[in-house]
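Below you'll find the structure, written out as structure tokens, and then a few comments.
Here, each number is a calculation from the coordinates, and none is a lab measurement. Computed from a predicted structure; not experimentally measured. Because the Cβ atoms are built from the backbone with ideal geometry, glycine has one as well, and the counts that use them run over all protein chains shown.
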Amino acid sequence: MQRQPLVIANWKMNGDRQLVTAMAEALRESAAQHADVSVVVCPPAVLLPAWQQAAFYDNIQLGAQDANEHVSGAHTGEHSLALLVESGASMVLVGHSERRQFYGDNAKRIAAKVNHTLNESNLTVVLCVGESAEEREQQQTFDVVAAQLQEALADCNNCERIVVAYEPVWAIGTGLTASPEQAQEVHAFIRNWLQEKFGPSGANVQVLYGGSVKADNAEQLFAQADIDGGLIGGASLIEEQFVAICNAAQ
Ligand code: PEP
């Protein structure tokens, strides 16, 4: 089975209604150039309804940047899967390095979020993994990535609604990008791991690269055999940049 190219925008805590309109318009105008690419936008959750309206006749899917692992209840400030679905989300990022570093998403919580999403909704999980600069220097990249995959996916026996994003922490928002060869090496490792865990269907899991992807490095990264697209932070807030990245995945 051929894996469809996938480009996901992670707006983090950025953007507003004006940018929703402008980005939807830019993606609409360029649609023919990225017709075979699945484009997903993960805005701050409060902007999902605005995106739902702006993109309702386009081929743009929406995603959430995080979801709580409980159905509902006393979880001030959090968002449930049901609310995210009602607001148009069909994917959810889990284990982004910013959430691992600053918001208490440890291995146990990440596994709970993965299991809750897969068992209690139809959403696709985009599991983010990646090593720190120090871990790379100490040649622990493969061990770290394998441990993160194992911790998060231990209870899963089906990979139909799983996407993996390899995001080296040292490349996120820093302007440093893994070279296409460095990224490909880890992507091939992840694909092997997925095949060992899930059997032949593991080969169909989309594995995305994230970490300072820009218009001028996207094509080389996406040309690698095991890189199926990208998870894009900063450059997804600039219309020309994001459109060029979507085009590069075509
Ligand atoms: C991200 O936040 O997932 C990301 C890859 O950010 P950036 O593209 O800005 O490095």
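Scanning the range 219-250 for residues that are of a type in the set (G, A, S) and under 15 Å from the mean Cα position of the chain (by Cα) yields G229, G230, G233, G234, A235, S236, A249.
Could we say that S97 is surrounded by 18 or more Cβ atoms within 10 Å (Cβ to Cβ), within 16 Å of the ligand (Cβ to nearest atom) and closer than 24 Å to A235 by Cβ here? Here the answer is yes, as S97 does meet what is asked.
Among residues of the range 191-218 being within 15 Å of the chain's Cα centre (by Cα) and in contact (Cβ under 8 Å) with a residue 40 or more places away in the chain, the one that is surrounded by the most Cβ atoms within 10 Å (Cβ to Cβ) is Y209.
Filtered by the rule that a residue be over 23 Å from R161 (Cβ atoms) and either among the β-branched types (V, I, T) or part of a helix (DSSP H, G or I) (or both), the range 99-129 gives Q101, F102. Number of residues in the range 130-144 that are surrounded by fewer than 22 Cβ atoms within 10 Å (Cβ to Cβ) and either among the β-branched types (V, I, T) or part of a loop (DSSP other than H, G, I, E, B) (or both) equals 6.
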